[in-house]
Amino acid sequence: MSPGGASPANRAAFHQQHQLAALAEAERLLAQRSILKGAWFDWVAAQLYQLGPPPFVSMVRRELQRLTQA
């Protein structure tokens with residue numbers, strides 16, 4: 001078993017199952033950036049803190065990074 005307790009197959013299945021939700025959540029968070037301006041980073045951090053489980057939060061973070069660098 002790999003670190004974190006999930007097998008690669010389980011991680012891949014989780015990723016595939018939740019990819020669209022992670023993208024939608026990242027888009028929702030990013031849509032608030034122009035409204036919240038300087039307060040956006042703290043707001044996003046609070047939103048991410050409330051999400052779960054941790055693998056999903058990581059997926060949302062990766063999507064946010066991808067969207068902001070596109």
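Bear in mind that the values in this text are calculations on the coordinates, not laboratory data. Keep in mind that this is a model prediction, so the values were computed, not measured. Glycine also receives a Cβ, built like all others from the backbone with ideal geometry; neighbour counts cover every protein chain displayed.
The rows are residues; the columns are (1) of a type in the set (A, V, I, L, M, F, W, C); (2) touching a Leu at 6+ places or on another chain (Cβ under 6 Å).
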| site | (1), (2) |
| --- | --- |
| 20 | yes, no |
| 31 | yes, no |
| 46 | yes, no |
| 52 | no, no |
| 62 | no, no |
| 67 | yes, yes |
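Residue under question is residue 44, and the condition is that it be surrounded by 13 or more Cβ atoms within 10 Å (Cβ to Cβ), without any contact (Cβ under 8 Å) to a residue 40 or more places away in the chain and within 21 Å of residue 13 (Cα to Cα); does it hold? Against the criterion (surrounded by 13 or more Cβ atoms within 10 Å (Cβ to Cβ), without any contact (Cβ under 8 Å) to a residue 40 or more places away in the chain and within 21 Å of residue 13 (Cα to Cα)), residue 44 does not qualify.
Out of region 47-70, which residues are loosely packed, with under 13 Cβ neighbours inside 10 Å and either touching a Gly at 6+ places or on another chain (Cβ under 8 Å) or within 22 Å of residue 17 (Cβ to Cβ) (or both)? First the steps, then the outcome.
Residues of region 47-70 that are loosely packed, with under 13 Cβ neighbours inside 10 Å, as a first pass: 49-50, 52-54, 65-66, 68-70.
Of everything in region 47-70, those that are loosely packed, with under 13 Cβ neighbours inside 10 Å and either touching a Gly at 6+ places or on another chain (Cβ under 8 Å) or within 22 Å of residue 17 (Cβ to Cβ) (or both) turn out to be 50, 52, 53, 54, 65, 66.
Of 12, 21, 39, 26, which residue is out of contact with any helix residue (DSSP H, G or I) (no Cβ under 7 Å at 6 or more places or on another chain), surrounded by 10 or more Cβ atoms within 10 Å (Cβ to Cβ) and touching a residue at least 12 places away in the same chain (Cβ under 8 Å)?
Values: 12 fails: touching a residue at least 12 places away in the same chain (Cβ under 8 Å); 39 fails: touching a residue at least 12 places away in the same chain (Cβ under 8 Å); 26 fails: out of contact with any helix residue (DSSP H, G or I) (no Cβ under 7 Å at 6 or more places or on another chain).
Unique residue meeting the criteria: 21.
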